[in-house]
Amino acid sequence: MEQSTTVEIAAPPERVWEVMADVERWSEWTDTVTWVRRLDEGPLRPGSRAKINQPKLPETEYVVTELEPGEGFTWVATGPGVLTTARHTIEGLPGGGSRVRLSVEQGGWLGSVMGRVFRGLTDRYLATEAAGLKARCEGGR
């Protein structure tokens, strides 16, 4: 089960990547994140690990599985019977803006059940994150 949202941002992909890849500062621009703590040092890269605390969700550890600087990254979290895959992609637009797609996919034998249980919350969180990223990248909050 996958849920996603797309937003156009009036900022170049480099700026969007700068904000998106600085995961420890996400709580500054989205209310869906209480805090993110990196469990390693250096730039975000495949294998990087981070713990995330979000309202109404259990604390979760994510591991970056794919990363293309300036284009996005994917990270996954595992739990009993659930594999959560979160993708963050950036596409440059003519004229210098960016299109960002944020998605969450729930897999595993319990994933479809969890996806249905949290569907409304996930949709709200994706929309809030997209709006916050847009505002931060365009010079606001």
If the Cβ limit is 6 Å and pairs must be 6+ apart or interchain, which residue in region 82-97 that is under 18 Å from LEU67 (Cα atoms) pairs with which residue that is assigned to a loop (DSSP other than H, G, I, E, B) and charged (D, E, K, R)? ILE90/GLU71
Would you point out which residue out of GLU91, GLU129 is open to solvent by less than 40 Å² (accessible area, probe 1.4 Å) and of a type in the set (D, E, K, R)? GLU129
Could you grab me the full set of residues in region 47-77 that are free of Cβ contacts under 8 Å to residues at least 24 places away in the same chain and open to solvent by 80 Å² or more (accessible area, probe 1.4 Å)? ARG49, PRO58, GLU59, GLU66, GLU68
Could you tell me whether SER112 is out of contact with any helix residue (DSSP H, G or I) (no Cβ under 7 Å at 6 or more places or on another chain) and touching a residue at least 40 places away in the same chain (Cβ under 8 Å)? yes
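The values are calculated or read from the model by the stated rules, or taken from the named source; none is laboratory data. It should be emphasised that the depicted structure is a prediction, and the values quoted were computed from it without experimental measurement. Every residue, glycine as well, gets a Cβ built from its backbone with ideal geometry; the counts of neighbours run over all protein chains shown. Accessible surface areas use protein heavy atoms only, side chains included; no ligands, DNA or RNA. Shrake-Rupley method; radii C 1.70, N 1.55, O 1.52, S 1.80 Å.
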